[in-house]
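What follows is calculated from the coordinates using simple rules that are stated; it is not laboratory data. All figures in this text were calculated on a predicted structure; none of them were measured in a lab. Note: ideal-geometry Cβ built from the backbone for every residue, glycine included; neighbour counts use all protein chains shown.
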Amino acid sequence: MRPEPGQVLHFSEDPSITRFVPHRAATARQPGEYVWAVDADRCPDYWFPRQCPRAMAWTTPDTTGQDRDRIIGPGCGTRVHAVEYGWLERIRTVELYAYRLPASVFRPFSEDGTGGGHAVVATEPVVPLGPAERVGDLFALHEEAGIGLRVLPRLWPFWDEVTASTLGFSGIRLRNALPRSVE
């Protein structure tokens, strides 16, 4: 599930949204009210239930072969997503929807103000270009996109390795991950 040219996507478990109104999320670290969406490159970050914690890593021009092989795996493509075992059933059964939105009303967003972040935002209400589309089998989407999906007891050891590597990375809803194990 990716946007067509001139579109961005918003993923939701609610198939009945007819108008997106800018708001400030309860967990927001930045000021302002926004409608959030993603472009084609970042859509895979949202092929999960909304509250599912996930850690994602991908190669960049600066990624070393050693980091790629150690974290993504030799012969495993250029991207890997990791989730915890406790989320497998929810990933299998969630009804996730995508809304196609006009890209022209969105601008790149980043917390540091450079505009090079993971999402695009609008500061005005946005009407979807059509009804919500059911995303379908999230495991199949990962497979079709060539993205490895790793299932782990806890995300934190993987996250620590990824953030110390030369890979690009993103973590979403990590506050919902199981706590770090006390050893």
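Beta bridges per DSSP, both residues in the chain: antiparallel share near 85 percent. The phi torsions of region 39-53, fed into the Karplus equation with coefficients 6.51, -1.76 and 1.60 and a -60° offset, translate into couplings of 8, 4, 5, 9, 3, x, 4, 10, 7, 8, x, 3, 8, 5, x Hz, rounded to whole numbers, with Gly and Pro shown as x.
Peptides 32-38, 7-13, 164-170, ordered by how many other C-beta atoms sit within 10 Å of their residues on average, highest first, read 7-13, 32-38, 164-170. Each label was represented as a point 7 Å from its Cα along the Cα-to-Cβ direction; for Asp41 and Glu124 these points are 2.6 nm apart.
Label point of Thr93 set 7 angstrom out along Cα-Cβ; within region 125-141, amide nitrogens under 17 Å from it belong to 136-139.
Computed on the Cα trace of the chain, the radius of gyration divided by the Kirkwood hydrodynamic radius gives Rg/Rh = 0.96.
Ranked by the mean number of other Cβ atoms within 10 Å per residue, highest first, peptides 102-109, 79-86 order as 79-86, 102-109.
Taking a point 7 Å out from the Cα of Gln30 in the direction of its Cβ, the residues of region 88-106 whose backbone N falls within less than 16 Å of it are 105-106. Phi-derived couplings, Karplus 6.51 cos²θ - 1.76 cosθ + 1.60 at θ = phi - 60°, listed residue by residue for region 174-180: 4, 4, 8, 6, 4, x, 4 Hz, with x used for Gly and Pro.
Run the numbers on the chain and let me know its relative contact order in percent, using alpha-carbon pairs under 8 Å that are six or more apart.
34
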